[in-house]
Every structure is written in structure tokens, then in C-alpha cells.
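Enquirer: Here's a structure for you.
The values are calculated or read from the model by the stated rules, or taken from the named source; none is laboratory data. Source: prediction; values computed, not measured. Cβ coordinates were reconstructed from backbone atoms using ideal geometry, including for glycine residues, and neighbour counts include every protein chain displayed.
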Amino acid sequence: MAIQHNLKEGVLVISLEGNLLGEHTNAPVMELLKTNLEQGNKKVLFNLAEMKFINSTGLGMLMTALTKTRNAGGELALCSIPEQMKKLLQMTKLETIFPAHGDEAAALRFLQA
């Protein structure tokens, strides 16, 4: 699991690559999110283009990230969701909870609006 992040026009973009399966992969993401929220970066985008697999623990981490971001007065969106993950979000009815966009540019426009 690889994590890349940068600030683009006031939005924290977190790009995840590989498998999101458990605490050892979730903890660094949540620490990154916590640090940025404390610094006032309250717009968060998860770019999932390079995700291979996600399980319920990984989904739980995304839900926690969404809750923490919204509780801090911010917003979180997903973009470039792989087909397998789209199906999982639909099956779990979570596609209605996460703002999702086809690509990073569309998601950035949404978060800056």
C-alpha cells in the first residue's frame, strides 16, 4: 500500500495505491488526515485510481475519514473509483454517502465550489 499526498488549490489530495485492508494501512492515512485537519486543510480528496482492492476495514477507514472531515467543518470526496470498488460501494449503499467524481479535476471543482 502506497500513499501519496499533496495540496492542490487548497484541497488535500490523498492518492492511494494497492490494497486497503487493515489497521497497518489505515493508520498512516488517518494520521495524515488528522494533521491536515488540525492545520486547517478541511477539503479532502481521495484519488483511488491505483487502488487494487479494499475490504470492509478499508471502507470503515474511508467512513471515519468522511466523518472526521465533516465534523471539522470540511468536505471529503472520492474520485477515479475502480469498478470493483464502485460495486462494493453500491452493495453497501455507501455510494449515496460519498460525493464521487469520475476524475480528479471534477472532484477538485466540486470541493472548491
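Enquirer: Looking at residue 49, is it buried (at least 19 other Cβ atoms within 10 Å of the Cβ) and under 13 Å from the mean Cα position of the chain (by Cα)? Full working, then the answer.
Expert: Numbers: buried (at least 19 other Cβ atoms within 10 Å of the Cβ): no; under 13 Å from the mean Cα position of the chain (by Cα): yes.
When the stated conditions are applied, residue 49 does not pass them.
Enquirer: Now a separate question. List, please: which pairs have Cβ atoms under 7 Å, are six or more places apart or on different chains, and start with a residue in segment 19-33 that is of a type in the set (Gly, Ala, Ser) and end with one that is surrounded by fewer than 16 Cβ atoms within 10 Å (Cβ to Cβ) and part of a loop (DSSP other than H, G, I, E, B)?
Expert: The qualifying pairs do not exist here.
Enquirer: Okay, next question. Being surrounded by 16 or more Cβ atoms within 10 Å (Cβ to Cβ), within 19 Å of residue 13 (Cα to Cα) and not β-branched (Val, Ile, Thr) is the filter here; which residues of segment 64-96 pass it?
Expert: Within segment 64-96, 65, 66, 68, 72, 74, 75, 76, 77, 78, 79, 80, 85 meet the criteria.
Enquirer: What pairs come up if the first residue lies in segment 47-69 and is in contact (Cβ under 8 Å) with a residue 24 or more places away in the chain and among the basic types (Lys, Arg), the second is buried (at least 16 other Cβ atoms within 10 Å of the Cβ) and outside any strand (DSSP E or B), and their beta carbons are under 8 Å apart, counting only those six or more places apart or on different chains?
Expert: Short answer, once both residue conditions are applied: 68/33; 68/37.
Enquirer: So, one more: Out of 86, 8, report the one residue that is modelled with pLDDT of 90 or more, closer than 19 Å to residue 111 by Cβ and of a type in the set (Lys, Arg).
Expert: Details: 86 fails: closer than 19 Å to residue 111 by Cβ.
Answer to the check: 8.
Enquirer: Is it the case that segment 29-41 has a residue that's in a strand (DSSP E or B), surrounded by 13 or more Cβ atoms within 10 Å (Cβ to Cβ) and not small (Gly, Ala, Ser)? Spell out the reasoning first.
Expert: Initially, segment 29-41 is screened for residues in a strand (DSSP E or B), giving none.
Within segment 29-41, not a single residue is in a strand (DSSP E or B), surrounded by 13 or more Cβ atoms within 10 Å (Cβ to Cβ) and not small (Gly, Ala, Ser).
Enquirer: Looking only at segment 20-53, how many residues end up being at pLDDT below 90 and not hydrophobic (A, V, I, L, M, F, W, C)?
Expert: 5
Enquirer: Hey, another quick one. With respect to residue 77, determine if the residue is farther than 18 Å from residue 105 by Cβ, among the hydrophobic types (A, V, I, L, M, F, W, C) and either at pLDDT below 95 or in contact with a His (Cβ under 7 Å, 6 or more places away or on another chain) (or both).
Expert: Values: farther than 18 Å from residue 105 by Cβ: no; among the hydrophobic types (A, V, I, L, M, F, W, C): yes; either at pLDDT below 95 or in contact with a His (Cβ under 7 Å, 6 or more places away or on another chain) (or both): yes.
No: the conditions fail for residue 77.
Enquirer: Please specify each residue of segment 98-113 satisfying the condition of being under 20 Å from residue 15 (Cα atoms) and either in a helix (DSSP H, G or I) or aliphatic (A, V, I, L, M) (or both).
Expert: Going through segment 98-113, the residues under 20 Å from residue 15 (Cα atoms) turn out to be 98-112.
Residues satisfying the conditions are 100, 104, 105, 106, 107, 108, 109, 110, 111, 112.
Enquirer: In segment 42-78, how many are part of a helix (DSSP H, G or I) and farther than 20 Å from residue 23 by Cα? Lay out the reasoning, then the answer.
Expert: To start, the set of residues in segment 42-78 that are part of a helix (DSSP H, G or I) comprises 56-71.
After this cut, where a residue has to be farther than 20 Å from residue 23 by Cα as well, the list is 70-71.
Total satisfying the criteria: 2.
Enquirer: Can you tell which of 81, 14 is touching a strand residue (DSSP E or B) at 6+ places or on another chain (Cβ under 8 Å), in contact (Cβ under 8 Å) with a residue 12 or more places away in the chain and in a strand (DSSP E or B)? Quick ask: steps written out before the conclusion?
Expert: Values: 81 fails: in a strand (DSSP E or B).
Going through 81, 14 in turn, just one is touching a strand residue (DSSP E or B) at 6+ places or on another chain (Cβ under 8 Å), in contact (Cβ under 8 Å) with a residue 12 or more places away in the chain and in a strand (DSSP E or B): 14.
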